[in-house]
Amino acid sequence: MKRTLFIFLLSLIVSLPVLACTTAIISGKYTADGRPLLYKHRDTGSLQNKLMYFTDGKYSYTGIVNSSDKAGKEVWGGYNSTGFAIMNSASYNLNPDAAGKDELEGMVMKLALQRCATLADFERLLDSLPKPMYVSANFGVIDAQGGAAYYETGDYTYKKFDANDTNTAPLGYIVRTNYSFSGDRERDKGISRYQAAEPLFYKASLSNSLSYRFLLQDVSRHLTHGLTGVNLYDQIPENTSKQIFVPFRDFIPRYSTSSVMVVQGVKEKESPALTTMWTILGSPLTAVAVPVWLNKENIYPSVLLADETGNAKLCNWSLQLKKQLFPITRGEGTDYINLAALISADGNGIMQKVQSHENRILNDADALLSKWRTNGYDPKDLKYFCHQTDIYVSDLYFMTFAIRK
């Protein structure tokens, strides 16, 4: 069995671009509403992402997939019908060779979503995989039993960091970028993004503000550089009339950001069906968050699914709009952002408009979740919500931003 799985995985290996992600897990004991949170801000060369729904395992599941991966052989974060959720960040200091080449993290996560309901199940999966595992990753996992942990995983071993252990996570959260605390610290990567994220989490934990909105809007759209301390709001242009370029490298949001997902778990005795995946396809600077719920009726916002082009509409629109932020395409142009297009003192920046419109979607979703938590899930509610969300998101990009269809 192990040899068969090993051969299967090797047959699917593809060369991957260098990956850089900012991630976190938060114990439900420390979040604002008592539900655990799993967060992945994905940076990759595969900028076209889509949502896919699967029934090819023990459990049904949904996750973020590269649009070029038509069969969904790899999943880069998602959750299943038991409330089990998983994501990763590439780690560059675990194995002797640098991570990011011929790695199998996306396939391991797909296997986990197919087979696992608990953290213990995931540990058994890691134990059972043939060695070397061809992974170098920080896997973040939550489950419907309140589990929340990282597994810093190399080719042969892994080390668990439990967010419910006060010795490991005294404030209930753990942040990881592109290095492992159990690895060779001389080879750490993503330090500036960790330095940007950690103070945000610390401050939010002190004010009981660790929530899915905090992750989507405060972390993924954070404009202070962790190493230099440069805050782009200190340079905010008066309006959008004139291009103003500033360096934009190694912030949490980057040119290479392709998606954001936040899985909001459930409290004890709540149905795993109420697990919610708040999903941004494309850049968080130009794309709104849309919630997703697993359901047997297969009802999802169509803007997140691949259309006839093979890409998701929301991701396409986000990438078109991103060209206004990064209009210089030659040389080192993608290291410089047009700050006047992003934010402005008069409130007309792209990111400001995106977040303002996004709040309506999040408010409607919160109201729907509140109803379901009291009365139970109703597919009619979901169908209406998805229909209205598709219309609203389409209108945002066509009417507000004049994106071409």
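The values are calculated or read from the model by the stated rules, or taken from the named source; none is laboratory data. Keep in mind the model is a prediction, meaning the values are calculated, not measured. Because the Cβ atoms are built from the backbone with ideal geometry, glycine has one as well, and the counts that use them run over all protein chains shown. Side chains are part of the model used for accessible areas, which takes the heavy atoms of the whole protein and leaves out ligands, DNA and RNA. Shrake-Rupley method; radii C 1.70, N 1.55, O 1.52, S 1.80 Å.
Taking L285, is it open to solvent by less than 10 Å² (accessible area, probe 1.4 Å), within 23 Å of I361 (Cβ to Cβ) and at pLDDT 95 or above? Walk me through how you get there before you give the answer.
On the way: open to solvent by less than 10 Å² (accessible area, probe 1.4 Å): yes; within 23 Å of I361 (Cβ to Cβ): yes; at pLDDT 95 or above: yes.
Yes, satisfied.
Of the residues I361, I337, which single one is of a type in the set (A, V, I, L, M, F, W, C), within 28 Å of Y233 (Cβ to Cβ), open to solvent by less than 40 Å² (accessible area, probe 1.4 Å) and not in a helix (DSSP H, G or I)?
Values: I361 fails: not in a helix (DSSP H, G or I).
Within the list I361, I337, the selection yields I337.
Here T400 clears all of (1) more than 28 Å from Y233 (Cα to Cα); (2) touching a residue at least 40 places away in the same chain (Cβ under 8 Å); (3) surrounded by fewer than 17 Cβ atoms within 10 Å (Cβ to Cβ) except the condition numbered (1). Among the candidates Y59, Y39, the residue that is in contact with a strand residue (DSSP E or B) (Cβ under 7 Å, 6 or more places away or on another chain) and part of a loop (DSSP other than H, G, I, E, B) is uniquely Y59.
Within region 253-282, the residues that satisfy the criterion of being closer than 30 Å to I343 by Cβ, buried (at least 24 other Cβ atoms within 10 Å of the Cβ) and among the hydroxyl-bearing types (S, T, Y) are T257, S258, S259, T279. Out of L210, L215, one residue alone is within 18 Å of T22 (Cβ to Cβ), open to solvent by less than 30 Å² (accessible area, probe 1.4 Å), part of a helix (DSSP H, G or I) and not basic (K, R). It is L215.
Selection of first residues in region 233-250 that are farther than 16 Å from M351 by Cα and of second residues that are among the basic types (K, R) and surrounded by 15 or more Cβ atoms within 10 Å (Cβ to Cβ), restricted to Cβ pairs under 8 Å at least 6 apart or on distinct chains, gives the following pairs, ordered by first then second residue: D250/R193.
Restricting attention to region 218-252, report how many residues are open to solvent by 60 Å² or more (accessible area, probe 1.4 Å) and not charged (D, E, K, R). Spell out the reasoning first.
Restricting attention to region 218-252, the residues satisfying the condition of being open to solvent by 60 Å² or more (accessible area, probe 1.4 Å) are 218, 227-228, 233-235, 238-245, 247, 249.
So of that shortlist, the ones also not charged (D, E, K, R) come out as 227-228, 233, 235, 239-241, 243-245, 247.
Matching residues across region 218-252 total 11.
For region 149-187, a tally of residues being assigned to a loop (DSSP other than H, G, I, E, B) and either aromatic (F, W, Y) or surrounded by fewer than 21 Cβ atoms within 10 Å (Cβ to Cβ) (or both) returns 15.
Out of curiosity, is S318 at pLDDT 95 or above, buried (at least 18 other Cβ atoms within 10 Å of the Cβ), of a type outside the set (K, R) and closer than 19 Å to I252 by Cα? Spell out the reasoning first.
Details: at pLDDT 95 or above: yes; buried (at least 18 other Cβ atoms within 10 Å of the Cβ): yes; of a type outside the set (K, R): yes; closer than 19 Å to I252 by Cα: yes.
When the stated conditions are applied, S318 passes them.
Here region 41-55 is the region considered, the condition is being more than 16 Å from L113 (Cα to Cα) and of a type outside the set (S, T, N, Q), and the residue that is surrounded by the most Cβ atoms within 10 Å (Cβ to Cβ) is H41. Looking at region 296-308, can you tell me whether even one residue there is open to solvent by 10 Å² or more (accessible area, probe 1.4 Å), over 19 Å from F54 (Cα atoms), of a type in the set (S, T, N, Q) and at pLDDT 95 or above? So far as region 296-308 goes, no, none of its residues is open to solvent by 10 Å² or more (accessible area, probe 1.4 Å), over 19 Å from F54 (Cα atoms), of a type in the set (S, T, N, Q) and at pLDDT 95 or above. If you go through region 229-239 and keep only what is in contact with a strand residue (DSSP E or B) (Cβ under 9 Å, 6 or more places away or on another chain) and in a loop (DSSP other than H, G, I, E, B), you end up with just V230.
Applying the criterion of being assigned to a helix (DSSP H, G or I) and of a type in the set (K, R) to the residues of region 188-207, the residue that is least open to solvent (accessible area, probe 1.4 Å) is R193. Taking the numbered list (1) at negative phi; (2) open to solvent by 10 Å² or more (accessible area, probe 1.4 Å) in turn, G146 passes all entries but (1).
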